[in-house]
1. Taking the Cα centre of each part, how many Å lie between the stretch 27-47 and the stretch 162-202?
2. Return the distance in nm (one decimal) between the two label points of a simple spin-label model at D45 and T12, each offset 7 Å from Cα along Cα→Cβ.
3. Using amide H atoms built in the peptide plane, which far-off residues or other-chain residues are under 5 Å from H173 H to H?
4. Report the extension gain between F122 and I89 in nm, rounded to one decimal, defined as 0.36 nm multiplied by the number of residues separating them, less their alpha carbon distance.
5. From the residues L172, L117, L60, which one has its Cα farthest along the dipole of the stretch 13-241 in the positive direction, the dipole being from +1 and -1 charges on Cβ of Lys/Arg and Asp/Glu about the Cα centre?
6. Report the FRET efficiency, 1/(1 + (r/R0)^6), for E153 and Q190, where r is their Cβ-Cβ distance and R0 is 41 Å, rounded to 0.05.
7. So what's the convex hull volume per residue for the Cα atoms of the stretch 13-241, in Å³?
8. Considering Cα pairs under 8 angstrom that are at least six residues apart, work out the relative contact order of the stretch 13-241 and quote it in whole percent.
Amino acid sequence: MDPKSSDESKHTEAALVLFSGGQDSATCLAWALERFARVETLGFDYGQRHAIELKCRADLLAGMKSLRPDWAVKLGESHTLEIPTLLEISDTALTRDVAIVMGADGLPNTFVPGRNLVFLTFAAALAYRRDISHIIGGMCETDYSGYPDCRDETIKALQAALSLGMDRRFELHTPLMWLDKASTWKLADQLGGAGLVDLIREHSHTCYLGERGARHDWGYGCGECPACALRAKGWGEYAAGRAPV
Ligand code: ZN
């Protein structure tokens, strides 16, 4: 989907954004706030070791409200759903204290099988109860770690399954699907200017290890895990192309 396309018919409707407190979901939230009349957010607690995400979500929400008064009036409830079962069935570096390595299947062991399928199914169930038909997620198959549940084809199939299974027409929006990380920074700039870029840089969290000790140009993180490496590379490319101030 073209992230720059605007659809006037959406401007009276509500949306639910999957919001982890990371760079991608913060950009998706701004994208939704530009398009929908009311925007609610949903985060998941499944025992991942960086509970820091919860604080980042709160800081980002507060920052966006003060950055843009028109966004503040659109921001609705912030939901959190606990899914501890995901912890029981996963054995990965995200949820256990083990090193991040690449598996024989080419996927890092941070992969929780089907995690996005679970997230989007819970999101749709919540959206159903909230009378919301638009769900926004930061899934991306451009600069990604190869997770099959981030693929556009997976999301399209799930949209059909959820709409059939709940007898409600859901639209799953993935504005970052075809963007690399540099373009995601650029999109944040287009949506909210330097204020939003700085907010995301300072308060969003991406590091797999949950580190926020060191402050880099691109924000906080260990600087070495796959998520930090992607974020740093994207920032470098975006910053190099930005007009000097
Ligand atoms: Zn890291």
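1. 9
2. 3.8
3. Answer set, sorted by chain and number: I135, I136, G137.
4. So the extension gain works out to 10.2 nm.
5. Selected residue: L60.
6. It comes out at approximately 0.90.
7. Hull volume normalised by residue count: 114 Å³.
8. Averaging sequence separation for qualifying contacts and normalising by length gives 23 percent for the stretch 13-241.
Read-outs: derived from the displayed coordinates by stated rules, not from any lab. Here the structure is a predicted model, which means the values were calculated and not measured. Heads up, the Cβs are rebuilt from the backbone with ideal geometry, glycines too, and the neighbour counts pull from every protein chain shown.
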